Every structure is written in C-alpha cells, then in structure tokens.
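Let me begin by presenting the structure, written as structure tokens, before commenting on it.
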Amino acid sequence: MASLPPPAAGTRHAGTESTPIRRNPAGNVARPMVQKLPEPQDIAACLEVTTFDTPPFYSTSSQSFRNTVEGYSAPEGTYDPVVRSLHNLAHLFLNGTGGTTHLSPNDPIFVLLHTFTDAIFDEWLRRHPAAVYPLENAPIGHNRDYNMVPFWPPITNAEMFVTAPENLGYSYEADWPSRPVTLTEIITIAVVAALIVVAVIFAITTCAVRSKTYKMDGRQPLLGEQYQRYDDHDRHSDKTQSVV
Ligand SMILES: O=C(O)c1cc2cc(O)c(O)cc2[nH]1
C-alpha cells in the first residue's frame with residue numbers, strides 16, 4: 001500500500017509550497033487600528049463584562065465576554081464591526097503568518113497568545129462564579145453539553161467551563177491590571193467628598209456658635225440643670241443684701 005512520504009523541508013503534505021514564517025509587527029499601514037497591541041486596561045475592562053455569551057452567540061454578540069476577549073467587541077463589551085481588540089488585535093498586529101487565519105498556528109507566538117487568552121478566561125471564571133455557558137442556540141458544536149470537536153476522548157464545553165487550578169491541574173501566575181477610574185466615578189467621589197466637607201464645616205460652625213451663645217448667657221454647661229437654675233437665681237437676686 002502506498003504511503004505518504006515524509007514532507008521535504010519547506011513543503012507540506014498537501015503538496016502545496018509553504019512559505020517562511022512572516023512577521024511585520026505594526027506594519028499594516030493600510031489599517032492603523034491594528035498597528036498597536038491591546039493595552040492592560042483593555043484586559044481590565046473585558047474582565048468586567050459580566051455575561052459569558054449573548055445571542056446570537058456569534059462574532060456580532062454585544063456585552064459578551066466570549067466575543068470581547070476574542071476581540072470582535074470593544075474591550076468594554078460593545079460590539080462594533082470595525083473594532084478589533086484583545087486576541088484578534090494581537091493576531092492582526094503580527095501582520096504576517098500569525099495574522100492569517102489557518103496559518104497563524106505556524107508562528108510559535110500563537111501558543112503564547114492563546115495561553116494568555118486562556119489565562120484571561122480563567123481569571124474571568126474566577127471573578128464570575130455564577131456565570132453560565134449557553135445551553136442552546138450557539139453555533140454548531142458550541143452548546144453547553146455538546147462535545148468539543150476534535151478532542152478525544154470526548155469532552156463537552158460545560159466540562160471545560162471550569163477554573164483551571166481546581167479542575168484541570170494547572171494554574172496561571174499573572175498580575176491583572178486594575179481598571180482605571182472613570183470620569184463619572186471621579187465626579188461622584190468629588191461630589192461626595194465636597195458634601196462631607198460642607199457637613200463637617202456646618203457641624204463645627206454650629207457647635208462654635210452654640211458654645212459662644214451659652215457663654216454669653218453666662219451659662220455654665222458643666223452644671224446640672226438644677227444648679228443652673230440656682231445660678232440664674234443668684235444672678236438675678238439683689239447681691240447687696242447679705243444672706244443670713
Ligand atoms: O480579522 C480578525 O479579527 C482576525 C484575523 C485572525 C487571524 C487568525 O489567525 C486568528 O486566529 C484570528 C483572527 N482574527
């Protein structure tokens with residue numbers, strides 16, 4: 001029986017000529033949006049998207065963590081057809097083998113990119129423990145209880161929707177960026193701080209005015225109410241008469 005000969009260097013079994021791995025990072029001048037890598041705050045933002053996936057469970061989904069980390073949405077989760085972010089942006093930034101679908105696994109960077117993407121997913125699962133994977137209406141093979149093709153032995157999407165250290169025997173060490181404070185939050189903090197300052201000034205002023213009024217009245221706050229009355233009586237009685 002004829003068997004396939006081992007591939008010669010530079011060729012693939014399918015018989016087509018292969019090319020060297022090409023990289024031209026940030027070199028796609030025709031598409032300025034992909035001339036930069038994702039920023040740490042983009043990761044912080046996508047980790048805050050609360051729902052794992054939303055209808056139509058596709059590359060057009062909005063407010064879907066899955067579509068956001070994949071990079072078809074803005075990092076905050078809003079779908080926009082012209083946007084490329086996170087995983088997709090890293091692919092397109094490479095602008096060569098790593099940016100071409102079906103060829104990108106030939107570039108070793110693929111492994112780093114996808115490992116880091118999995119680390120983000122793992123962190124997201126940790127932060128959203130009540131999250132659910134779509135039960136139905138996802139694209140073929142992607143419903144919760146469907147097997148993940150082509151893995152063998154069969155394993156369902158639900159079985160992989162779990163945190164790694166507790167269930168899969170590996171863990172990631174990453175310093176996750178914190179989300180920058182938004183303008184709305186800055187304004188809210190400033191308004192609350194101003195209100196607190198006004199309240200404190202009002203309280204101090206009120207105390208000062210009341211204390212001054214008491215002093216002017218000749219009242220002695222350390223005396224009890226009963227003795228206070230004696231004191232009032234003394235002040236109003238004729239001091240020239242001696243008391244026997
Ligand atoms: O256009 C994209 O968003 C895009 C390109 C590209 C290439 C690739 O190899 C991928 O794995 C994903 C991907 N997304």
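The values are calculated or read from the model by the stated rules, or taken from the named source; none is laboratory data. On a predicted model such as this, the values are computed, not experimentally measured, just so you know. Cβ placement follows ideal geometry from the backbone for every residue including glycine, while neighbour counts extend to all protein chains displayed.
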Going residue by residue through the range 61-76, is there one that turns out to be basic (Lys, Arg), more than 22 Å from Arg144 (Cβ to Cβ) and either touching a residue at least 40 places away in the same chain (Cβ under 8 Å) or within 15 Å of the ligand (Cβ to nearest atom) (or both)? no
Among the residues of the range 69-85 satisfying the criterion of being out of contact with any strand residue (DSSP E or B) (no Cβ under 9 Å at 6 or more places or on another chain) and not small (Gly, Ala, Ser), which is farthest from Asn143 (Cα to Cα)? Val82
If you go through the range 102-109 one residue at a time, do you hit one that is part of a helix (DSSP H, G or I) and free of Cβ contacts under 8 Å to residues at least 12 places away in the same chain? yes
Looking only at the range 97-111, count how many residues are among the β-branched types (Val, Ile, Thr) and near the ligand (Cβ under 8 Å from one of its atoms). 2
For the range 1-53, what are the residues that are modelled with pLDDT under 95 and in contact with a strand residue (DSSP E or B) (Cβ under 9 Å, 6 or more places away or on another chain)? Gly10, Thr11, Glu17, Ser18
Could you list, in sequence order, all residues of the range 134-164 that are under 20 Å from Trp124 (Cβ atoms), free of Cβ contacts under 8 Å to residues at least 12 places away in the same chain and not in a loop (DSSP other than H, G, I, E, B)? Glu159
